[in-house]
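Worksheet: the structure to be examined is printed underneath.
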Amino acid sequence: MTGRPPFPPFDEETAAQKVQAAEDAWNTRDPQRVSLAYTEDSVWRNRDRFVTGREAIVAFLTEKWERELDYALRKELWSFSGDRIAVRFQYESHDAAGQWWRSYGNELWEFTAEGLMRRREASINDVAIEEGDRRIFGPRPDAERGASIPIW
């Protein structure tokens, strides 16, 4: 089978692998690379935005990472069943004025048999933080893989 392993149906190990792969890809801040994990006609709800298709995903992510500077993300597996995974996440970034933000969210993912995400729904809340309160610095070090992220 061609596609993006691991493939559904997911078990705890493969679901966690999928979550870590997504975290790793998003931390590259490379919209083109990230978009390859989604179907050509993938449908997203991200906060109050609705996005359909890889080209729109690339445009959305390009805009996102032009606005959310020094973005660094942590994802955690919340639940899984069959071809679906639920994730909680946090990321930190700053805006052009230098204000740091921690964004808390939940995502619901649905995959094709080929392991590509066909649906992504994200609910996200932002909290202003001081630079000294940051706790997410770049991609997750190997020693922290699998570690739970704190609630606040």
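Values computed for the structure shown
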quantity	calculated
Scan of the stretch 12-61 for residues that are within 11 Å of the chain's Cα centre (by Cα) and among the basic types (K, R), ordered by number	K18, R29
Filtered residues of the stretch 85-99 (kept if open to solvent by 70 Å² or more (accessible area, probe 1.4 Å) and in contact with a strand residue (DSSP E or B) (Cβ under 8 Å, 6 or more places away or on another chain))	A96
Pick from the stretch 100-127, criterion over 20 Å from D24 (Cα atoms) and of a type in the set (V, I, T), ranking: most open to solvent (accessible area, probe 1.4 Å)	V127
Residue match in the stretch 42-55 (condition: surrounded by fewer than 17 Cβ atoms within 10 Å (Cβ to Cβ) and either in a helix (DSSP H, G or I) or β-branched (V, I, T) (or both))	yes
Meets criteria (closer than 15 Å to R74 by Cβ and either assigned to a strand (DSSP E or B) or in contact with a Pro (Cβ under 6 Å, 6 or more places away or on another chain) (or both)) for E107	yes
Output for the stretch 46-79, where each listed residue is in contact with a strand residue (DSSP E or B) (Cβ under 7 Å, 6 or more places away or on another chain) and more than 15 Å from E121 (Cβ to Cβ)	G53, R54, W65, E68, L69, D70, Y71, A72, L73, R74, E76, L77
Pair list, Cβ < 8 Å and 6+ apart or interchain, from the stretch 67-84 residues that are modelled with pLDDT of 95 or more and open to solvent by 50 Å² or more (accessible area, probe 1.4 Å) to residues that are part of a strand (DSSP E or B) and not hydrophobic (A, V, I, L, M, F, W, C)	L69/S93; L69/H94; D70/E92; D70/S93; D70/H94; W78/R88; W78/N106; R84/E110
Among the residues listed as A97, A72, the single one being farther than 19 Å from T28 by Cα and not in a helix (DSSP H, G or I)	A97
Which numbered condition T14 misses (of (1) in contact with a Pro (Cβ under 6 Å, 6 or more places away or on another chain); (2) in contact (Cβ under 8 Å) with a residue 12 or more places away in the chain)	(2)
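The values are calculated or read from the model by the stated rules, or taken from the named source; none is laboratory data. Treat the numbers as computed from the prediction; the structure is a model and nothing was measured. Cβ sites come from the backbone with ideal geometry, for glycine too, and all protein chains shown count toward neighbours. What goes into the accessible areas is simple: the full protein's heavy atoms, side chains included, and nothing from ligands, DNA or RNA. Shrake-Rupley method; radii C 1.70, N 1.55, O 1.52, S 1.80 Å.
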